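The structure appears below as structure tokens.
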Amino acid sequence: MDRIRIVGGKPLNGVIPISGAKNAALPLMIASLLTDRTVTLENLPRLADVSLLVRILSNHGVDYSIDGRRQGEDPDSGQTVHMTAREIVDTTAPYELVSRMRASFWVLAPLLARCGEARVSLPGGCAIGTRPVDLLLMAMERLGASIDIDAGYVVAKAPSGGLRGGEIDFPKVTVGGTHVALMAASLAHGTTVIHNAAREPEIGDLADLLVKMGAKVQGAGSPVIEVEGVARLVGAKHRVLPDRIEAGTYAMAAAMAGGDVLLQGARAEHLQAALDILAEAGARVEATPDGLRVSRNGNGIKPVDVATAPFPGFPTDLQAQFMALMTRADGVSRITETIFENRFMHVQELARFGARIKLEGDSAIVEGVPTLKGAPVMATDLRASVSLVIAALAAEGESMIQRVYHLDRGFEALERKLSRCGADVTRISSGD
């Protein structure tokens, strides 16, 4: 199993290209099931989750091809993938596939909308909480589907004639629920209105692709989205938006280690809440025509209280990274997690660096320390993994991060991007 060795204490200086967003790429890929024509996605990140989803979709009959790299192309530039679901050969998504990636459960919506039926395994629990699918199933029922649970599988069937438009009123904001509602409604008969819709940029990216495919969607990015169903969708070409979580992660890494980094391609409007918090903590953040520039000189890090919230609030996917930053703050900060339960498993590993963190219910009280010491640590989930990287960049001495396959799920070429900015980061493969 691969490990990453980091020798801390070196500032970051240089350019980090921001990859295509994983959280946009997955629903965009799943949307290819809605049409028998080719969907081409550009700037698709090279991630373990993307590769796994390609395999999952091929199980349903999606043919795919990946463009080769061009001479002189930046090795960190995204790939172009062509996906064609000319015929759906299987409407069952088995447990052995769905259990490996929760987002694959979303195939329920396009399979149901296009084929009138779907049998998809329940994804089960995960490391950062149960994340139930009840709101996703409620959305399908509002469009006329019948839902049964049989031996751990969701068995969904559309009424004769297909799904029909309806009112979907989510009791709480759900990104997954909004994604599946958009996909299913695009092929439903009549008009669907989604109330309390998620406003994340990735929702807007999916809506943009669906519109290119011939869907009629209005209001994406607002709490109310209206979809007028169409009889069929066509192929389209779409470029995946830049990953705001990756950008926010490297912004916090620069604030932690010090230095001056240009996050090439990052968009300030996608993570303004996090950038405002970083500025409060003492980092300098500047939007440029090329992306975002983040720097911190020798001044100390200031403590800042933060609570996660749906977009446009502070992202839960940056909570662990920000906690790592606050371990070096000059004072005490409180970090409150409002989205997922059990998302503080990185606390014990950060403590191995010498961090002082106390848990109080859904909050973590972080007392900053003058120095962190390098240590062997173990990743527990995707975002927790990269919080350990951030801590290690500023720690004295060597750190060894185990179970880095979590990082490979969501961060493309992490060690190469950091190394090019002066960090001492080395991947040690299991055979070394």
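The values are calculated or read from the model by the stated rules, or taken from the named source; none is laboratory data. The structure presented is a predicted model; accordingly, all values stated were derived computationally and were not measured. Here the Cβ positions follow ideal geometry from the backbone for every residue, glycine too, while neighbour counts run over all protein chains shown.
Of the residues 243, 276, the single one that is out of contact with any His (no Cβ under 8 Å at 6 or more places or on another chain) and over 30 Å from residue 32 (Cβ atoms) is 276.
In the set (1) within 22 Å of residue 100 (Cα to Cα); (2) under 24 Å from the mean Cα position of the chain (by Cα), the condition left unmet by residue 430 is number (2).
Scanning the stretch 150-190 for residues being over 22 Å from residue 103 (Cβ atoms), within 26 Å of the chain's Cα centre (by Cα) and assigned to a loop (DSSP other than H, G, I, E, B) gives a total of 0. Flag: residue 80 does not match the condition of being of a type in the set (Val, Ile, Thr) and under 25 Å from residue 150 (Cα atoms).
Quick check on this structure: which one of 193, 175 is touching a strand residue (DSSP E or B) at 6+ places or on another chain (Cβ under 8 Å) and among the aliphatic types (A, V, I, L, M)? Even if it seems obvious, please write down each step before you answer.
On the way: 175 fails: touching a strand residue (DSSP E or B) at 6+ places or on another chain (Cβ under 8 Å).
When all the criteria are applied, what remains is 193.
For residue 254, are the conditions met, namely being within 30 Å of residue 8 (Cβ to Cβ) and buried (at least 17 other Cβ atoms within 10 Å of the Cβ)? So residue 254 fits the description; yes.
Test residue 206 against the criterion of being assigned to a helix (DSSP H, G or I) and in contact with a His (Cβ under 8 Å, 6 or more places away or on another chain), and give yes or no. Criteria met by residue 206. Restricting 76, 90 to those that are assigned by TED's automatic domain parsing to the domain that holds residue 118, assigned to a loop (DSSP other than H, G, I, E, B) and at pLDDT below 95 reduces the list to 76. Residues that are among the small types (Gly, Ala, Ser) and touching a residue at least 40 places away in the same chain (Cβ under 8 Å) number at least 1 in the following strands (runs of 3 or more DSSP E) confined to the stretch 1-59: 12-17. Filtering 314, 344, 353 for residues that are modelled with pLDDT under 95 and either of a type outside the set (Val, Ile, Thr) or under 17 Å from residue 255 (Cα atoms) (or both) leaves a single hit, 344. What are the residues in the stretch 353-368 that are of a type in the set (A, V, I, L, M) and touching a strand residue (DSSP E or B) at 6+ places or on another chain (Cβ under 6 Å), if any? Residues satisfying the conditions are 357, 364, 365, 366. Just checking, does the stretch 365-384 include any residue being in contact (Cβ under 8 Å) with a residue 40 or more places away in the chain, farther than 27 Å from residue 425 by Cα and within 22 Å of the chain's Cα centre (by Cα)? No, because not a single residue in the stretch 365-384 is in contact (Cβ under 8 Å) with a residue 40 or more places away in the chain, farther than 27 Å from residue 425 by Cα and within 22 Å of the chain's Cα centre (by Cα).
Quick one: count up the residues across the stretch 321-341 that are among the aliphatic types (A, V, I, L, M) and at pLDDT below 95.
As a first pass, look at the stretch 321-341 and keep what is among the aliphatic types (A, V, I, L, M): 323-326, 329, 332, 335, 339.
Subset that is at pLDDT below 95: 339.
Looking only at that region, the number is 1.
Can you tell me which of (1) out of contact with any helix residue (DSSP H, G or I) (no Cβ under 6 Å at 6 or more places or on another chain); (2) hydroxyl-bearing (Ser, Thr, Tyr); (3) within 22 Å of residue 281 (Cβ to Cβ) is the one residue 426 doesn't meet? For residue 426, the exception is condition (3).
Assess whether residue 287 counts as being free of Cβ contacts under 8 Å to residues at least 24 places away in the same chain, within 20 Å of residue 329 (Cα to Cα) and of a type in the set (Gly, Ala, Ser). Working first, answer last.
Working: free of Cβ contacts under 8 Å to residues at least 24 places away in the same chain: yes; within 20 Å of residue 329 (Cα to Cα): no; of a type in the set (Gly, Ala, Ser): yes.
No.
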